[in-house]
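The structure that follows is given in the form of structure tokens.
The values are calculated or read from the model by the stated rules, or taken from the named source; none is laboratory data. Every value quoted in this text rests on a predicted model; they were computed, and no experiment measured them. Cβ coordinates were reconstructed from backbone atoms using ideal geometry, including for glycine residues, and neighbour counts include every protein chain displayed.
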Amino acid sequence: MLMISFPDISFEAGKYIDDFVSFLADNLSALFDFIFFITSRSINGLTDFLMIIPWWLFIIIIFLLGWYFKSLFSGVLYGIFIFLIGTFGLWEEMMITISIILTAVIICLIIGIPLGVAMAFNKWVSMILRPILDAMQTMPSFVYLIPAIFFFGLGNVSAIFATLIYSLPPVIRLTDLAIRGVDKEVVESAHSFGSSRWQTLSKVQLPQALPTIMAGVNQTTMMALAMVVIASMVGASGLGEQVLVSINRIDIALGFEAGISIVFLAIIIDRITNGIAEKVQRRGGNQ
Amino acid sequence: MTVQIQVQNVSKIFGSKPKSAIPLVKKGLSKEEILKKTNHTVGVYNATFDIHKGEVFVIMGLSGSGKSTLIRCFNLLNKPTDGSIFLDGQDITKCSRDELKKVRQEKIAMVFQHFGLFSHRTILANVEYGLEIRNVPKEKRREIAMQNIETVGLKGYEDKYPDELSGGMQQRVGLARALTNDPDILLMDEPFSALDPLIRREMQLELLDIQERLQKTIIFITHDVNEAFRIGDRVAVMKDGHVEQVGTPEEIIASPANDYISEFIKDIDRSKVFQASHIMTKPNALVSIKDGLNVAVKEMRENGISSVFVVDRSRRLQGIVTIDDAIQGIKENKPLSDLIREDITVVTEEEYINDLIPKALESSFPLAVVNEEQKLVGYILRVHVLSGLTADDVSESKEYVY
């Protein structure tokens, strides 16, 4: 008897997860409904708001942002990018994508920054969160699209949920890193004046850590953008949906237009958030 | 002199279970032995000393000697593993969190080696930080902060950011920030070692100036012997976590407790530590102005000297009379008061040898040392000045004949 094939022992881990997810969906539906309501309202509200803005005003705003945070040339370039997306007939899709990303990023910051701070202060939190963050970043995204549908059905909210899982880790990690990286003497000097923990955090550590946290925000935003196509598989509308449609129809033209629009958005968002990070860098503690 | 801080058997040990090494410290094992046995590092080893109110107490040692660890025990940035620190009678090692906050806010402030400034705040916002966290109203704290910015000579810079200032100016901000809390005690952790020598010198003088005016108790850390002896009223020398000797600079130079300290102070510039009062000789021959010339001549003959100081009834210095003048005067029947030479050099008790050297070289008579009331307390010969620079015990240098 050579032990070649694996013995007949089975542990169906997946089944337990399945049961757990069903359990959550059944018993916490009120909570999920609430989250769904809030999230879909914010996305829709944001989209509606962006759609009210006249197209030329929006281009001017992007131009000004680019000018202020980067350079005059960048401002002009970003304005042209946005104009081009409009000429592709993807204006509304772009707005939806922007609102999905914005909503996802805002939720990421609300959850991520406090978690990052908790990690920096408590080694137990850090020990528990670290592997979870690793899993969140390496788990193929399609895997958690399924439970997302379970909880929130097809649509933008599921897309946000999936985007969150993928793009939350950088802001948590970099907040943790940033807080721990604040100059030891600076923190000591805050303590030496008798600051409470909260005062030290809010008046010294967070402001000093801001440049690195902003780098995390930039990363998170870029990762959220990277998820738009995958998120469309659970029904997110916007540019990602157009890419999916083009794949189904083997429509090279539409695929290119939607794809290049995403690239344009990525460039603009990356450069502008980067510019913000650099602006706060000047006064920050740890560069 | 009232004691402000009492340090009693304070030990600070770093490692996973610091308390476990305390019995070994009590047994007297060395730092290396404890490191070998328990893998714990001893930062401060059973330190005991007092710090008086209003003095500049310098803790001196090389890097790794535990001086920065020790100073951080005074405001509990480092909690001592064992022992007590009494601050005005209150044992701060047993303070609750709120009590500690109060002590830090009201009694003790710290200046850091690399300034520890908040780079995201303006100079003004940095300086008023201590008051801000105590919820002092904005107007009030602005006013106090501005006063202190003026004290350190940074008026006009209050809206700048720390990175727009030079190192010396940044440390002034650190000092102003500490002073704004109006603490009784100022902790200074190598505050000037990041500055270049000229600025350092200037800051030392300014610190002494501020100390003179505000009468704070200052605990000052340095690795620089010259700095320690220049500004310290008393100095503690640390090595490997041990406080090896505590004393005034003169005491330490005059009688170093061990070879390490002798070695340490070998390079000290004695001329900047010893003052006139340390090297002067008490006048054994004196002539009062009411005495006659005959008394003067007799005094000089008996003491084998060629000139003698003349004082008035309350020992105030009048001048000097030489033996030649006196003998001439007796022949011509002149009064003593006509023969007094006033071209002598008068120095105060506090003058450093460094400043005495040129005076001693220029003067043809001994230097007269007077106290604050202009009374003659001693004299200094040229040979005193030179022997004061080299001899181990300056009081032994009596082998001159004048």
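Could you check region B:132-157 and list, in sequence order, the residues that are within 26 Å of B:Glu190 (Cβ to Cβ) and in contact (Cβ under 8 Å) with a residue 12 or more places away in the chain?
Passing the criteria: B:Ile133, B:Ala145, B:Asn148, B:Ile149, B:Thr151, B:Val152, B:Gly153, B:Leu154, B:Tyr157.
Of all the helices (runs of 4 or more DSSP H) wholly in region A:57-152, which have at least 2 residues that are in contact with an Asp or Glu (Cβ under 8 Å, 6 or more places away or on another chain)?
Answer list for region A:57-152: A:91-121.
Considering only region B:77-124, how many residues are within 26 Å of the chain's Cα centre (by Cα) and of a type in the set (D, E, K, R)?
Total satisfying the criteria: 4.
If you take the residues in region B:78-119 that are basic (Lys, Arg) and over 17 Å from A:Thr200 (Cα atoms), which one is farthest from the other protein chains (Cβ to nearest Cβ)?
B:Lys94
I'd like to check which helices (runs of 4 or more DSSP H) are fully inside region A:170-250 and have at least 2 residues that are buried (at least 18 other Cβ atoms within 10 Å of the Cβ) and more than 14 Å from chain B (Cβ to nearest Cβ).
A:206-226, A:228-232, A:239-249
Quick one: would you say B:Ile5 is buried (at least 22 other Cβ atoms within 10 Å of the Cβ) and under 30 Å from B:Leu214 (Cα atoms)?
No.
Given the residues B:Glu190, B:Glu128, B:Glu132, which is the only one that is charged (D, E, K, R), touching a helix residue (DSSP H, G or I) at 6+ places or on another chain (Cβ under 8 Å) and within 25 Å of B:Val235 (Cβ to Cβ)?
B:Glu190
Also, quick follow-up: (1) in a helix (DSSP H, G or I); (2) farther than 29 Å from B:Gly28 by Cβ; (3) in contact (Cβ under 8 Å) with a residue 60 or more places away in the chain: which one isn't true of B:Ala228, the others all being true?
Against the list (1) in a helix (DSSP H, G or I); (2) farther than 29 Å from B:Gly28 by Cβ; (3) in contact (Cβ under 8 Å) with a residue 60 or more places away in the chain, B:Ala228 comes up short only on (2).
For region B:120-132, how many residues meet the condition of being closer than 14 Å to A:Phe193 by Cβ and more than 7 Å from chain A (Cβ to nearest Cβ)?
Within region B:120-132, residues that are closer than 14 Å to A:Phe193 by Cβ and more than 7 Å from chain A (Cβ to nearest Cβ) number 7.
So, one more: Restricting the search to region A:39-56, which residues are surrounded by 13 or more Cβ atoms within 10 Å (Cβ to Cβ), of a type in the set (A, V, I, L, M) and either in contact with a Gly (Cβ under 9 Å, 6 or more places away or on another chain) or part of a helix (DSSP H, G or I) (or both)?
Matches in region A:39-56: A:Ile43, A:Leu46, A:Leu50, A:Met51.
What's the number of the condition B:Ala176 fails, among (1) modelled with pLDDT of 90 or more; (2) in contact with a helix residue (DSSP H, G or I) (Cβ under 8 Å, 6 or more places away or on another chain); (3) assigned to a helix (DSSP H, G or I); (4) more than 14 Å from every other protein chain (Cβ to nearest Cβ)?
Status for B:Ala176: all satisfied but (4).
I'm trying to understand the selection: among the residues of region B:151-173, which are part of a loop (DSSP other than H, G, I, E, B) and away from every other protein chain (no Cβ under 14 Å)?
If the condition is that a residue be part of a loop (DSSP other than H, G, I, E, B) and away from every other protein chain (no Cβ under 14 Å), then B:Val152, B:Gly153, B:Leu154, B:Lys155, B:Gly156, B:Tyr157, B:Glu158, B:Ser166 are the ones that fit.
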